[in-house]
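Asks: Before I ask anything, let me first share the structure, which is written out below as structure tokens.
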Amino acid sequence: EPPVNRRGRPVEITSDLATIARYGRMLGMLAALAMHPVTVFAIAGALMLLFSRVLRGEGRYLQYLAIAAHASLITALGMLVAAGIALARGDVPRGVTPALLLGLEPEGFPARLLEGFDLFTIWALLVAALGVSLVNRRRSFASAAALLLAVYAALAVGIAAAGA
């Protein structure tokens, strides 16, 4: 369809496709830079809601923010490793998952399920569980890890079942 403005009136495009693509890539990088801190704040809020409000822990938001920030470094490392693997394979980055290590394409429920378990995310969840157990003295590492991994597994199963 021809390009239009917000009011539906036709507009003339004066830039070539390469310039438009370059600006699109720049905006994508800017969005990724902006989303990382927002994600860390949201994860800290979810940790506080779960462990301090629902499970009656004694941790404060800033403590959970420190935990989420430290755990996010692991997921960032995972993204770099996945990008390196994708670059070497000439493929799209998709995370370091058991499906990738086994060479499975995400077709069918078992392969999609294995695709949902990113190894660096699991590592980050274990680090977050360690932080939660240090902030909340009554919560053991094993119980925090079991809870976080159960939520992650439920999300992975739900996404795999949905076929996404």
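Asks: With respect to Glu107, is the statement that it is under 22 Å from Gly163 (Cα atoms), loosely packed, with under 11 Cβ neighbours inside 10 Å and of a type outside the set (Phe, Trp, Tyr) true?
Replies: Yes, satisfied.
Asks: Scan the range 50-105 residue by residue and report those that are touching a Gly at 6+ places or on another chain (Cβ under 9 Å) and among the hydroxyl-bearing types (Ser, Thr, Tyr).
Replies: Ser52, Tyr61, Tyr64, Thr97, listed by residue number.
Asks: Here's a follow-up. Scan the range 1-55 for residues that are farther than 24 Å from Tyr152 by Cβ, among the small types (Gly, Ala, Ser) and at pLDDT 85 or above and report the count. So that I can check it myself, show each step before the final result.
Replies: Our first condition is that a residue be farther than 24 Å from Tyr152 by Cβ; within the range 1-55, this holds for 1-31, 33-34.
Of the ones still in play, those that are also among the small types (Gly, Ala, Ser) are 8, 15, 18, 21, 24, 28, 31, 34.
This time we only want the ones that are at pLDDT 85 or above, so: 18, 21, 24, 28, 31, 34.
Going through the range 1-55 one residue at a time, the tally reaches 6.
Asks: When you scan the range 17-35, do you find a residue that is touching a helix residue (DSSP H, G or I) at 6+ places or on another chain (Cβ under 8 Å) and within 30 Å of Ser133 (Cβ to Cβ), even just one?
Replies: Taking every residue of the range 17-35 in turn, none turns out to be touching a helix residue (DSSP H, G or I) at 6+ places or on another chain (Cβ under 8 Å) and within 30 Å of Ser133 (Cβ to Cβ).
Asks: Condition (residue is more than 30 Å from Val151 (Cα to Cα) and open to solvent by 70 Å² or more (accessible area, probe 1.4 Å)) applied to the range 58-77: is it met by at least one residue?
Replies: So far as the range 58-77 goes, no, none of its residues is more than 30 Å from Val151 (Cα to Cα) and open to solvent by 70 Å² or more (accessible area, probe 1.4 Å).
Asks: Can I ask one more? Look at Arg89 and say whether it is over 19 Å from Tyr152 (Cα atoms), among the basic types (Lys, Arg), open to solvent by 50 Å² or more (accessible area, probe 1.4 Å) and at pLDDT 85 or above.
Replies: It is false that Arg89 is over 19 Å from Tyr152 (Cα atoms), among the basic types (Lys, Arg), open to solvent by 50 Å² or more (accessible area, probe 1.4 Å) and at pLDDT 85 or above.
Asks: Return the pairs, sorted by first residue and then second, in which the second residue is part of a loop (DSSP other than H, G, I, E, B) and of a type in the set (Val, Ile, Thr), the first residue lies in the range 69-98 and is within 18 Å of Thr39 (Cβ to Cβ) and touching a residue at least 40 places away in the same chain (Cβ under 8 Å), the beta carbons are less than 7 Å apart, and the residues are 6+ apart or on different chains.
Replies: Gly78/Val96
Asks: List every residue pair whose Cβ atoms sit under 6 Å apart, with the two residues 6 or more apart in sequence or on different chains, where the first one lies in the range 39-50 and is open to solvent by less than 50 Å² (accessible area, probe 1.4 Å) and the second, anywhere, is outside any helix (DSSP H, G or I).
Replies: Matching pairs, first to second residue: none at all.
The values are calculated or read from the model by the stated rules, or taken from the named source; none is laboratory data. Computed from a predicted structure; not experimentally measured. Backbone-built Cβ (ideal geometry, glycine too); neighbour counts: all protein chains shown. With ligands, DNA and RNA removed, areas are computed over all heavy atoms of the protein, side chains included. Shrake-Rupley method; radii C 1.70, N 1.55, O 1.52, S 1.80 Å.
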